[in-house]
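Report on the following structure.
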Amino acid sequence: MKPPLRHDREPATTLPVGSPAAVRGYLRVLTRRHRLGFSAVVGLHSVATLAGLVGPWVLGTLVESLAAGTTEAAISSAVGWYLAALLVQAAFTGWSRMRGAVLGERVLADLREDFLVRSVTLPTGVLERAGTGDLVSRGTTDIDRLDKSVREALPELAVALVSLLLLLGALLVTAPPLALTALTGLPLLVLVTRWYFRRAPQSYRSESAAHAEVSNVLVETVDAGRTVEALRLGDRRVRLMDRKLGEWVAWERYTLWLRSVWFPSIDAVYASALLATLVLGALFTLRGWITVGQLTSGVLYVQMLTGPVDLILRWLDELQIGQASLARLVGVQEVPEHEGDENLHPDGRRVEARDVRFGYREGVDVLHGISLDVAPGSRVALVGPSGAGKSTLGRLLAGIYAPGRGSVTLGGAPLAGMPAERVRAEVALVNQEHHVFVGTLRDNLRLAAPGADDTELRAALDAVDAGDWAQALPKGLDTEVGSGGASLTPPQAQQLALARLVLADPHTLVLDEATSLLDPRAARHLERSLSKVLEGRTVIAIAHRLHTAHDADVIAVVEAGRISEYGSHAELVAAGGPYAALWRSWRDEG
């Protein structure tokens, strides 16, 4: 069976997948963190395994004593030892499994926490380019796939390795010749396992990547549902989803075929090892090289070997799936940190763009040689048709993206070169996407200002016309909001985001249609309220509602990635150019 089309290279927009060396390094970190837990699990199961070795030894001794003639007391003693060993084995096995489950939960918690901590510190530009589907898939599907591996596979794999070593040791001590017969199936085991693992890792990674693409297409289609419907793109999106689902199913079938070849081959290895032990062991016994008791114990030990070997191989297969998911989680750690130059400090508040060119793909520019000078305390409006590059320019001016060519500076210092925390303290971006986090209303507001008191929080809400509805909540600032709490409407969520902006208190703001979810009258009222709060700050506003442009000090008309007009409202209307046409059209519609 041939594999489907390979996913050797991820699309340029996806987050990276961790290299094998990075995965091994992260596993070493986890092992060091939980070394005491691992040691406890291995130690407890070692005792259980040693107790399990007593049974075959007792049976072998009993067979020899029966052949030589024994007493009832000796038989009763053997039975007593056998039952005592079973009790000890059961007790320590249960104890080790309990400790293994606790260990698995702790490791899984670390995985989730490490992924979340790194995700929220990823550069904003990286997240915007990667899209939400890939990151969501890693934080949900890949974590879920790792659940079984971490909870069960890692502890049981360690336990199985210890059991295998102890069984081989017992076999060597009890019946050395049979130790060689137990390895009869080793060549076939190595052959089929190498065949499987040469194909499985990449196949499972490709399967995970294909599933992530399915999630990405689904999320994008749902998020843009109205646009898809308005532009009649439904059939095209369905065809794309069918194609992505087909690729995912093809990889699922291929990995299933790999397992359907590997597992029966492993069963053949077990059968050949046991058969060789029985046949050759019988010959060794007839020649007097080993006793009947040694043969009995040896055969039982060989039969017991299939347990840990089967467990190792089964969990190694499970770990292939887990390793692919872990590589995707570790890949987030490999996104380069944007450290910035700590020596760069803005000398003033002037924002300047000089001959800026930028593209999301190599060789395809979205902005073409844009220059813009934003004086401190001024209000600049970026207007133009959809897709002209207004939001992209806004993100460059906010320091989210670095220009491909040219420069964007704040107080003479390159925005893209400064540390992200310093940029965010100077410049803030508020776009159409607003989030209500699970927690109280107070917690949501204090994300922007952890030390703010209730008076400051209420003042920020009043500044954005949110004071009335916030006060009307059942517990006021202590009301739980977000998933499972009080539901906020989209306009209220937008006002909450703007209140956080007031609390963050940056001197330069980039508003990317920040009032788009409010009706025109409410948006106008809110912007008037905000104008008092934002007095003295630099404001760069991107909006389709041209009353924002009307109130601005200067207007930049962006068309096809270029600034086609620049001036005040009165100047541009008098010029009779593109802005005048937009203004007349918007005024007539209003």
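The values are calculated or read from the model by the stated rules, or taken from the named source; none is laboratory data. Just so we're clear, the structure is a prediction, and the values are computed from it rather than from any experiment. Here Cβ is always computed from backbone atoms with ideal geometry, including for glycine, and neighbour counts include all displayed protein chains.
In the range 144-155, the qualifying residues are those that are crowded, with 19+ Cβ neighbours inside 10 Å and under 12 Å from SER208 (Cβ atoms), and the one that is modelled with the highest pLDDT is LEU146. Screening the range 30-56 for residues that are in contact with an Asp or Glu (Cβ under 9 Å, 6 or more places away or on another chain) and over 23 Å from PHE92 (Cα atoms) and picking the one that is surrounded by the most Cβ atoms within 10 Å (Cβ to Cβ) gives LEU30. Within the range 517-555, which residues are over 21 Å from TRP583 (Cα atoms), at pLDDT 60 or above and part of a helix (DSSP H, G or I)? Hits for the range 517-555 are LEU526, LEU530, SER531, LYS532, VAL533. Within the range 117-135, restricting attention to residues that are assigned to a helix (DSSP H, G or I), surrounded by 15 or more Cβ atoms within 10 Å (Cβ to Cβ) and hydrophobic (A, V, I, L, M, F, W, C), the residue that is modelled with the highest pLDDT is LEU135.
Can you tell me which residue is surrounded by the fewest Cβ atoms within 10 Å (Cβ to Cβ) among those in the range 156-215 that are of a type in the set (S, T, N, Q) and under 30 Å from ARG243 (Cβ atoms)? Among those residues, the one meeting the criterion is GLN202.
Within the option set VAL29, VAL47, being touching a helix residue (DSSP H, G or I) at 6+ places or on another chain (Cβ under 7 Å) and either in the same structural domain as ILE290 (by TED's automatic domain parsing) or at pLDDT 75 or above (or both) holds for one residue only, VAL47. Does ALA448 fit the bill of being in the same structural domain as ALA375 (by TED's automatic domain parsing), in a helix (DSSP H, G or I) and of a type in the set (Gly, Ala, Ser)? Considered against the rule, which asks whether it is in the same structural domain as ALA375 (by TED's automatic domain parsing), in a helix (DSSP H, G or I) and of a type in the set (Gly, Ala, Ser), ALA448 comes out as no.
Restricting ARG237, ARG226, ARG205 to residues that are touching a His at 6+ places or on another chain (Cβ under 8 Å) and part of a helix (DSSP H, G or I) narrows the list to ARG205. When residues in the range 343-370 are screened for being of a type in the set (Gly, Ala, Ser) and in contact with an Asp or Glu (Cβ under 6 Å, 6 or more places away or on another chain), 2 of them pass. Within the range 148-200, the set of residues being β-branched (Val, Ile, Thr) and touching a Ser or Thr at 6+ places or on another chain (Cβ under 8 Å) comprises VAL159, VAL162, THR174, THR181, THR184, VAL192.
Criterion applied to VAL269, VAL228, VAL261, VAL217 was being aliphatic (A, V, I, L, M) and free of Cβ contacts under 8 Å to residues at least 12 places away in the same chain, and the one residue passing it is VAL228. Residue count for the range 340-359 satisfying the condition of being basic (Lys, Arg) and either in a loop (DSSP other than H, G, I, E, B) or without any contact (Cβ under 8 Å) to a residue 24 or more places away in the chain (or both): 2. Which ones in the range 75-104 are of a type in the set (Ser, Thr, Tyr) and either surrounded by 15 or more Cβ atoms within 10 Å (Cβ to Cβ) or in contact with a Ser or Thr (Cβ under 9 Å, 6 or more places away or on another chain) (or both)? TYR82, THR93, SER96, listed by residue number.
The condition of being surrounded by fewer than 16 Cβ atoms within 10 Å (Cβ to Cβ), among the aliphatic types (A, V, I, L, M) and under 23 Å from LEU503 (Cα atoms) does not hold for VAL423. Can you name the residue in the range 452-474 that is more than 12 Å from LEU496 (Cβ to Cβ) and within 35 Å of the chain's Cα centre (by Cα) and is also surrounded by the most Cβ atoms within 10 Å (Cβ to Cβ) among such residues? Among those that are more than 12 Å from LEU496 (Cβ to Cβ) and within 35 Å of the chain's Cα centre (by Cα), it is ALA452.
THR255 passes every criterion in (1) assigned to a helix (DSSP H, G or I); (2) more than 27 Å from the chain's Cα centre (by Cα); (3) modelled with pLDDT of 85 or more apart from (2). One residue alone among LEU396, LEU441, LEU372, LEU382 is surrounded by 23 or more Cβ atoms within 10 Å (Cβ to Cβ) and in contact (Cβ under 8 Å) with a residue 60 or more places away in the chain, and that residue is LEU382.
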